[in-house]
Ligand SMILES: [Zn+2]
């Protein structure tokens, strides 16, 4: 009984979730034709900002249903339309090809991502990520805002910007007594933090800390700051100098509940009640300030050489998000490779992972999308979709006029092809096409060649 009840809720949420995007899609379809109407970037924005979030709403409730064939079909139908419009491909384009060229992750995988992320944030073990290495790790969660002080009783945290630490500057900013320089470092995939305390122009004490490899530099910087404020509890006056402006800004912003920031603020508050003085400064990195250089060196040493249990091991949310994304791209790639469609696209974009990074930057033109999909005004394509009776080329009716013949073989474009090959110093053949596409200096002349050739063919086939 309970089971059927939860199934009902699952279905209801799902219907609700799909109703709105489907209608919006129909409206959009009318105003986003291939040759006019909304630009692909606008459609992408609508998709990313409206459609995806609507569908991903409460994804964790129905994520299990997203793997069912019927549900997947519905998700695919919505997504195919958007992906086709984002990449400006022909309407016959396969979902597999459209997603790759539009650089849009399959919706059912996005649903699973959203659900996984939600569960990770709620503290579910991360065993499904990174081959189980993160199974016993805890996510760095923001502190609950309820724990924060009432705004009226909060004191402002301020920091000043220092250009250097010569005697003149120190006098100008009334800097006397202890100076603690802090730094964090991520190097060769390892993370460390350090602080160096100076008095009267020389180092009197230093500390090094180790963080887990998945930690970010930002965490390392904040951790070093926290240890510096802790150290300040044993001194009357302390000046803390960090080169991480973002960490100091985070401290300043009382609405940010990063756990380390909350700890730092709390310690600073306690210090104030004990009438101890702590001043915070931002100092430009690598500007030749000895204390800062020293902290930097110590942090690097900590990262590379320390063999101790990590001082800080909370897994940053960004890392978890990244891992979840990597795993869904890998799943997407398997689906792309195994799919029976997108044969032409696979020649140009053999790998979903690389394609995903590439297509957004490359800004492929509609003509190039015709080339990459093989769906365009070519005799073979037109014949397949009953828009023409003969599939042969003008040069030889017995040779199929498909995209390969046009760009690689057709003698009609022999001269242009030869000139292109001379220019890029690479032979135009299937094995080289992905190299040509990914290389910026090859892609432009290749695109020019394709544009002329495809347009010429389309005009002849009219
Ligand atoms: Zn030909």
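The values are calculated or read from the model by the stated rules, or taken from the named source; none is laboratory data. Computed from a predicted model, the values in this text were never measured in an experiment. Glycine gets a Cβ as well: all are built from the backbone with ideal geometry, and neighbour counts include every protein chain shown.
Annotations
- Members of segment 421-431 found to be surrounded by 15 or more Cβ atoms within 10 Å (Cβ to Cβ) and free of Cβ contacts under 8 Å to residues at least 12 places away in the same chain, listed by number: 421
- Restricting segment 372-388 to residues that are out of contact with any helix residue (DSSP H, G or I) (no Cβ under 7 Å at 6 or more places or on another chain) and part of a loop (DSSP other than H, G, I, E, B), the residue that is nearest to residue 435 (Cα to Cα): 385
To keep it simple, each residue is scored yes or no on (1) under 30 Å from residue 215 (Cα atoms); (2) under 28 Å from the mean Cα position of the chain (by Cα).
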position	(1), (2)
293	yes, no
308	yes, no
325	yes, yes
328	yes, yes
336	no, yes
352	yes, yes
363	no, yes
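- The one condition from (1) out of contact with any strand residue (DSSP E or B) (no Cβ under 8 Å at 6 or more places or on another chain); (2) crowded, with 18+ Cβ neighbours inside 10 Å; (3) in the same structural domain as residue 435 (by TED's automatic domain parsing) that residue 352 does not meet is (3).
- Applying a threshold of 7 Å to beta carbon distances and a minimum spacing of six or more residues, or different chains, the list of pairs starting in segment 396-420 at a residue that is in the same structural domain as residue 442 (by TED's automatic domain parsing) and closer than 18 Å to residue 451 by Cβ and ending at one that is in a loop (DSSP other than H, G, I, E, B) and near the ligand (Cβ under 7 Å from one of its atoms) reads 401/393; 405/393; 405/399; 410/393; 410/395; 412/394; 412/395.
- Boolean, residue 211 is modelled with pLDDT under 95 and either assigned by TED's automatic domain parsing to the domain that holds residue 281 or more than 29 Å from the chain's Cα centre (by Cα) (or both): no
- One residue from 249, 256 being surrounded by fewer than 21 Cβ atoms within 10 Å (Cβ to Cβ) and modelled with pLDDT of 90 or more: 249
- The sole residue among 402, 398 that is within 14 Å of the ligand (Cβ to nearest atom) and under 24 Å from residue 437 (Cα atoms) is 402.
- Residues that are surrounded by fewer than 19 Cβ atoms within 10 Å (Cβ to Cβ) and in a helix (DSSP H, G or I), drawn from segment 308-327: 317, 318, 321, 322, 325, 326, 327
- Enumeration of residues in segment 409-447 that are within 16 Å of the ligand (Cβ to nearest atom) and not in a helix (DSSP H, G or I): 410, 428
- Segment 75-90, residues that are in contact with a helix residue (DSSP H, G or I) (Cβ under 6 Å, 6 or more places away or on another chain) and assigned to a helix (DSSP H, G or I): 75, 76, 78, 79, 80, 81, 82, 83, 84, 85, 86, 87
- Yes/no for residue 347 being within 16 Å of the ligand (Cβ to nearest atom), closer than 17 Å to residue 446 by Cβ and outside the structural domain of residue 429 (by TED's automatic domain parsing): no
- Residues satisfying the stated conditions in segment 382-395, i.e. more than 8 Å from the ligand (Cβ to nearest atom) and in contact (Cβ under 8 Å) with a residue 60 or more places away in the chain: 382, 385, 388
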